[in-house]
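The values are calculated or read from the model by the stated rules, or taken from the named source; none is laboratory data. The shown structure was predicted, so the numbers you read here are calculated from the model rather than taken from an experiment. In this analysis, Cβ positions are derived from the backbone assuming ideal geometry, glycine residues included, and neighbour counts consider all displayed protein chains.
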Amino acid sequence: MTPTQFLLALRARLGVLVMIVAATVLAATAGSLLLPKSYDATASLLVDARDEQSLSNSQRPILMPQERLSYLQTQRDILGSRKVARKVVHDLQLARQPSPYLTPERAGDSAAAIEDRLSEALLKRLKVETSQSNVIQATYSSADPAFSARVANAFAKAYIDTMLELRVVPAREAAAWFDQQLKGLRTNLETAQARLTTLHQQEQVVSMDEHVDVENARLAALSEEVVRAQSQTFQWRSRAQQARSFMARGGSPDGLPDVLENGFIQRLKGDLLRGESRLQELATQYGSNHPQFQRQSSENDGLRRKLDAEMRKVVSGIESSLRQSEQREAALAQAMAAQRTRMLGLKGNRNEFNVIRRDVQSAERAYDTAMQRAVTSQVDSQANHTTVSVLNPAIAPGRPASPKTGLNIALSVVVGVMLGLGMVLVLERLDGRVRSLVDLEDAWKVPVLGELRPWKALSPPPGDLGAGHRALPSPG
């Protein structure tokens with residue numbers, strides 16, 4: 001069907017179209033007026049991620065968009081949960097005072113069953129919506145505007161109370177659990193500290209590290225003393241070997257360094273040289289039998305014996321010094337060995353001390369951490385508000401949310417027009433008629449000799465006889 005044919009059929013069956021549109025609008029109007037009215041009351045809730053009454057979340061970072069959406073979705077699920085609905089039923093005492101806007105209770109139902117059925121009825125009429133902000137909209141629908149506002153506000157209050165309960169109850173349980181754990185942790189700390197104190201008393205030290213440092217310094221000093229003693233022993237051994245070699249060759253110890261460096265021996269040698277010179281002078285002057293010569297010779301012999309005794313004393317002193325140096329070296333080596341043994345024992349005690357000290361530190365850290373968590377739990381358990389607050393309480397709406405008569409009538413006009421056009425097409429298919437030359441040409445494929453149209457009088461040309469003088473009478 002061409003558009004021209006459709007328009008001709010529509011003009012011919014305009015009454016059907018008008019009738020269907022009128023019937024549809026009338027039915028929609030009657031239905032809108034007869035349907036029960038529903039009133040929507042909305043309570044707005046502001047959800048803030050920050051918690052000013054918590055020691056752990058006071059510096060909570062800003063949530064990422066995905067985390068914020070997940071957090072708001074969680075809050076939305078909590079608001080629409082059965083727990084919150086049962087709290088609304090309990091707060092409004094709907095089980096004791098049944099509302100005509102809810103499902104009536106059944107005979108023989110228990111109190112819990114009644115609350116469950118009322119909770120389900122409330123949740124069916126509740127709609128929770130979120131947006132890009134931190135605001136949650138809780139909308140409740142019923143036939144009574146005041147009841148809708150009351151239930152919406154009750155849901156907001158029950159949601160806040162539930163959030164506070166979900167926060168406080170676990171915090172109280174955690175605080176009680178931490179109190180029990182603190183007793184055991186404190187016992188462990190006291191035990192570790194007692195072991196550390198006992199070890200200090202046994203070792204008679206205040207700080208094991210300082211004691212080990214002192215003993216290390218003492219060992220280093222002994223090591224230096226042993227080195228010096230070994231050096232001295234080596235020197236005395238060299239001198240003793242040199243003296244023994246002189247004595248073994250039968251020579252005089254005059255050439256020994258210790259003898260040459262001895263001032264007293266050098267003075268004796270000087271006195272002996274002067275005595276020998278004096279003796280020679282006396283021998284020249286008086287002869288060997290003169291009393292002065294005899295006295296001088298006797299003095300020289302005494303100086304010679306004294307010098308020999310002093311040199312032998314120096315040699316024996318070298319041997320004695322060698323023995324003393326060896327004894328001192330042996331004593332220092334023994335003391336150093338004993339110090340090393342003590343250091344090994346101190347290192348073992350230090351390892352044990354470090355283990356016990358680490359146990360004490362671990363016990364202190366565990367106790368401090370548990371104490372901080374216990375304090376945090378104690379503070380959280382005393383919280384009296386949550387991160388949720390009522391932004392806009394619900395008020396009784398003045399107009400019903402449904403049915404929307406104007407919108408229904410507008411939709412009925414559109415639907416009626418569509419139904420009317422469809423009915424025109426159906427009737428045209430069932431009862432087709434010829435309304436134009438196109439219908440004849442398309443339907444029967446016959447040639448058209450002429451077309452009769454409504455007669456219209458033509459205006460006379462200029463100079464004609466006028467409208468009253470026609471060549472032929474009017475066809476009518």
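Could you tell me whether residue 185 is part of a helix (DSSP H, G or I), touching a residue at least 24 places away in the same chain (Cβ under 8 Å) and farther than 15 Å from residue 77 by Cα? Here the answer is yes, as residue 185 does meet what is asked. Examine the range 60-72 for a residue that is closer than 18 Å to residue 386 by Cβ, at pLDDT 85 or above and not in a loop (DSSP other than H, G, I, E, B), and state whether such a residue exists. Checked against the condition, which is being closer than 18 Å to residue 386 by Cβ, at pLDDT 85 or above and not in a loop (DSSP other than H, G, I, E, B), the range 60-72 yields no hits at all. For the range 177-186, the count of residues that are under 26 Å from the mean Cα position of the chain (by Cα), of a type in the set (Phe, Trp, Tyr) and over 18 Å from residue 359 (Cβ atoms) is nonzero. So in the range 115-164, with the set limited to residues that are of a type in the set (Lys, Arg) and under 14 Å from residue 87 (Cα atoms), which one is surrounded by the most Cβ atoms within 10 Å (Cβ to Cβ)? Applying the filter and picking the extreme gives 150. Per the conditions (1) outside any helix (DSSP H, G or I); (2) in contact (Cβ under 8 Å) with a residue 40 or more places away in the chain, the sole criterion not satisfied by residue 146 is (1). Candidates in the range 147-158 are the residues that are in contact with a Ser or Thr (Cβ under 9 Å, 6 or more places away or on another chain) and not small (Gly, Ala, Ser); of these, the one that is farthest from residue 122 (Cα to Cα) is 147.
Note on the range 5-32: residues that are closer than 16 Å to residue 414 by Cβ and crowded, with 16+ Cβ neighbours inside 10 Å total 7.
Which one of the conditions (1) farther than 30 Å from residue 393 by Cβ; (2) modelled with pLDDT of 80 or more; (3) not aliphatic (A, V, I, L, M) does residue 202 fail to meet, given that it meets all the rest? Result: residue 202 fails condition (2) only. Pairing residues of the range 1-19 that are in a helix (DSSP H, G or I) with residues that are among the polar types (S, T, N, Q), at Cβ distances under 8 Å and at least 6 apart in sequence or on separate chains, gives 4/436; 5/436; 8/436.
Taking the range 365-395 as the range and being at pLDDT 75 or above and farther than 28 Å from residue 153 by Cβ as the test, the residues that pass are 365, 366, 367, 368, 369, 370, 371, 372, 373, 374, 375, 376. Inside the range 26-51, residues that are assigned to a helix (DSSP H, G or I) and at pLDDT 85 or above make up a count of 2. Within the range 288-311, residues that are farther than 14 Å from residue 265 by Cα and of a type in the set (Asp, Glu) sit with their Cβ atoms under 6 Å from residues that are in a helix (DSSP H, G or I) and modelled with pLDDT of 75 or more, at 6+ positions apart or across chains, in these pairs: 299/275.
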